[in-house]
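Below is one structure; the comments refer to it alone.
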Amino acid sequence: MRLFSATIATETNTFSPLPTSLEAYKEGVFLRPGEHPTDAPRMCTAPLFVARRRAVAEGFTLIEGSCFAASPAGTTNRADYEFMRDEILSQIKAALPLDGVLFGLHGAMVAHGYDDVEGDVLERARAIVGPNCVIGVELDPHCHLTVKRVRLADITILYKEFPHTDVVERAEDLLTLVLRTIRKEIRPTTSLFDCRQIGSYPTTLALMRGFVDRTSAMEGKDGVLSVSIGHCFPYADVPELTGRILVITDNDKPKADRLASKIGEEFIAMRGRTAPDYMHCDEGIGAALAFNGSPVVMADPADNAGGGAPSDNTTILRRLVERNADSAALGPVWDPIAVRLCFDAGLHARFPLRFGGKVGPTSGQPMDAEVTVVGLRRDCWQSFGPTQVPLGDCAAIKVGGVEVVLISNRTQALGLELFRNLGIEPTERKLVVVKSTNHFMAAFGPIAQRVIYIDSDGPLSRDYRKIGYTKVLRPIWPLDEHTTPCLIA
Ligand SMILES: [Zn+2]
């Protein structure tokens with residue numbers, strides 16, 4: 001038995017002012033056969049990682065392909081996408097005959113000329129491997145679950161958790177179902193229900209937690225093989241941006257249809273109740289400063305690099321400084337030039353620095369302040385689950401009573417090391433501000449006495465009605481009041 005695995009992945013914010021080129025993949029994940037690390041999977045490469053570990057014991061040969069993944073940002077350069085895609089396709093051709101293909105994709109990648117990159121990859125891969133090869137795909141729930149890609153794959157599985165702490169477990173599920181299909185123990189049959197809604201669904205909140213636990217418990221019983229909840233990725237102007245439910249049964253289409261519809265109706269009934277309450281900037285700062293207990297963790301989802309934002313908006317920081325907040329830490333602010341200037345100034349130096357507010361109108365104005373350099377470190381990192389996320393060279397500066405972590409590799413706040421590696425102990429601060437939507441909760445949730453979510457003037461507005469969609473199919477909630485959810489595959 002012969003399996004092939006590869007990755008091509010990013011989360012494309014088509015509204016982002018930061019184009020994505022091959023350079024961004026080289027800074028992220030750019031691994032050719034023979035270069036794959038053995039310690040932990042990198043972004044979206046869990047299927048390859050898991051298959052490699054299980055190959056000998058479960059009697060198959062794994063042919064390792066290339067894995068390319070970039071941090072979320074704007075649309076990928078067309079020639080660069082085609083270069084990476086064609087490299088993987090030529091590896092598939094060279095690996096024939098194949099019984100199975102495992103793709104670790106993200107699912108919200110857009111390249112110039114390709115609104116549905118994953119559908120394009122699967123269409124070309126299917127043409128090479130033929131109809132009998134079993135294709136399995138792992139996706140992030142912040143994906144565009146298009147009809148095309150769902151039809152072209154035999155098995156599609158999404159992560160269930162947000163924060164995404166179950167990437168490896170879902171890759172294990174995917175490999176198990178692919179192997180059982182190849183061995184003719186099961187016949188996966190898929191149904192897709194379109195909920196016609198845009199939303200945010202952290203599984204750290206009770207309503208979504210219960211929904212995920214309930215639907216997960218259906219798996220492995222009564223012929224139900226897998227249930228996936230597609231959240232959607234709201235910051236992309238593509239036709240099939242919407243929340244969808246994907247159910248896979250063992251050769252029972254009516255059952256898959258019934259279950260996908262039932263779960264879909266439940267998901268629709270949760271509209272407007274799945275995201276946390278967002279405060280305005282000043283309201284949130286007031287609530288944090290007045291709270292009796294520490295640390296208060298305050299999130300700035302609108303400037304989350306994990307959603308393609310620059311992570312250099314200055315609004316919350318400016319108000320903290322203006323209000324004389326003390327014992328506060330904020331990060332990460334992406335500003336490689338300011339980091340360079342801090343290294344040039346040296347540790348403990350006090351000097352006038354302009355930082356933040358650079359990349360676009362939604363970055364706000366740059367901060368101009370007398371700052372003290374309180375931390376400097378080359379090649380910094382933070383952890384997210386088993387993965388070490390590189391931050392590049394980093395500097396910590398103090399502005400009034402606020403310590404700010406400046407980073408060189410644009411990424412969101414994930415691990416406590418973001419602060420600790422620069423000598424800032426987040427548990428000893430009154431207020432910790434993180435630029436992240438919800439992944440920060442895995443590490444910062446346990447230390448927080450209170451969590452406050454802000455809707456700042458960063459580019460990822462929490463009010464989807466403010467986003468300038470032109471291609472998204474209508475009607476869709478909350479842009480439209482009345483929608484027509486239905487089974488679509
Ligand atoms: Zn995601």
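For (1) under 22 Å from residue 337 (Cβ atoms); (2) touching an Asp or Glu at 6+ places or on another chain (Cβ under 7 Å), each residue gets a yes or a no:
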position	(1), (2)
405	yes, no
409	yes, yes
418	yes, no
425	no, no
445	no, no
449	no, no
479	no, no
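Looking across region 306-334, the residues that are of a type in the set (A, V, I, L, M, F, W, C) and surrounded by fewer than 24 Cβ atoms within 10 Å (Cβ to Cβ) come down to 321, 325. Summed over region 415-451, residues that are under 20 Å from residue 385 (Cβ atoms) and without any contact (Cβ under 8 Å) to a residue 24 or more places away in the chain total 2. In summary, residue 104 fulfils each of the numbered conditions (1) touching a residue at least 24 places away in the same chain (Cβ under 8 Å); (2) surrounded by fewer than 24 Cβ atoms within 10 Å (Cβ to Cβ); (3) under 26 Å from the mean Cα position of the chain (by Cα) with the single exception of condition (2). Residue 28 falls short of the stated requirement of being at pLDDT 95 or above and in contact with a Ser or Thr (Cβ under 7 Å, 6 or more places away or on another chain). Within region 187-198, if we keep just the residues that are surrounded by 20 or more Cβ atoms within 10 Å (Cβ to Cβ) and not hydroxyl-bearing (Ser, Thr, Tyr), the residue that is farthest from the ligand (Cβ to nearest atom) turns out to be 188. If you go through region 414-432 one residue at a time, do you hit one that is assigned to a loop (DSSP other than H, G, I, E, B) and within 16 Å of the ligand (Cβ to nearest atom)? Yes, because at least one residue in region 414-432 is assigned to a loop (DSSP other than H, G, I, E, B) and within 16 Å of the ligand (Cβ to nearest atom). Whenever a residue of region 221-235 is assigned by TED's automatic domain parsing to the domain that holds residue 257 and over 28 Å from residue 460 (Cα atoms), its partners that are away from the ligand (no atom under 16 Å from the Cβ) and in a loop (DSSP other than H, G, I, E, B), lying with C-beta atoms within less than 8 angstrom and at least six residues away or across chains, give the pairs 223/251; 223/252; 224/218; 225/186; 225/219; 226/219; 227/218; 227/219. Taken over region 335-354, the criterion of being crowded, with 21+ Cβ neighbours inside 10 Å and touching a Ser or Thr at 6+ places or on another chain (Cβ under 8 Å) is satisfied by 339 alone.
Scanning region 26-39 for residues that are within 30 Å of residue 468 (Cα to Cα) and either buried (at least 23 other Cβ atoms within 10 Å of the Cβ) or within 16 Å of the ligand (Cβ to nearest atom) (or both) yields a single hit, 28.
Residue 309 falls short on exactly one of the conditions (1) within 23 Å of residue 375 (Cα to Cα); (2) part of a loop (DSSP other than H, G, I, E, B); (3) of a type in the set (A, V, I, L, M), and that condition is (1). Residue 212 - would you say it is touching a Ser or Thr at 6+ places or on another chain (Cβ under 9 Å) and away from the ligand (no atom under 16 Å from the Cβ)? Judged against the criteria, residue 212 is not a match.
Quick check on my filter: what residues within region 233-259 are among the hydrophobic types (A, V, I, L, M, F, W, C) and either under 24 Å from the mean Cα position of the chain (by Cα) or at positive phi (or both)? Listed by number, the residues that qualify are 233, 236, 238, 241, 245, 246, 247, 248. The criterion of at least 1 residues that are within 16 Å of the ligand (Cβ to nearest atom) and of a type in the set (Asp, Glu) is met by the following helices (runs of 4 or more DSSP H) wholly inside region 82-183: 117-129, 167-182.
The values are calculated or read from the model by the stated rules, or taken from the named source; none is laboratory data. Since we're looking at a predicted model, the values are computed, not measured. Cβ atoms come from the backbone with ideal geometry, glycine included; neighbour counts cover every protein chain shown.
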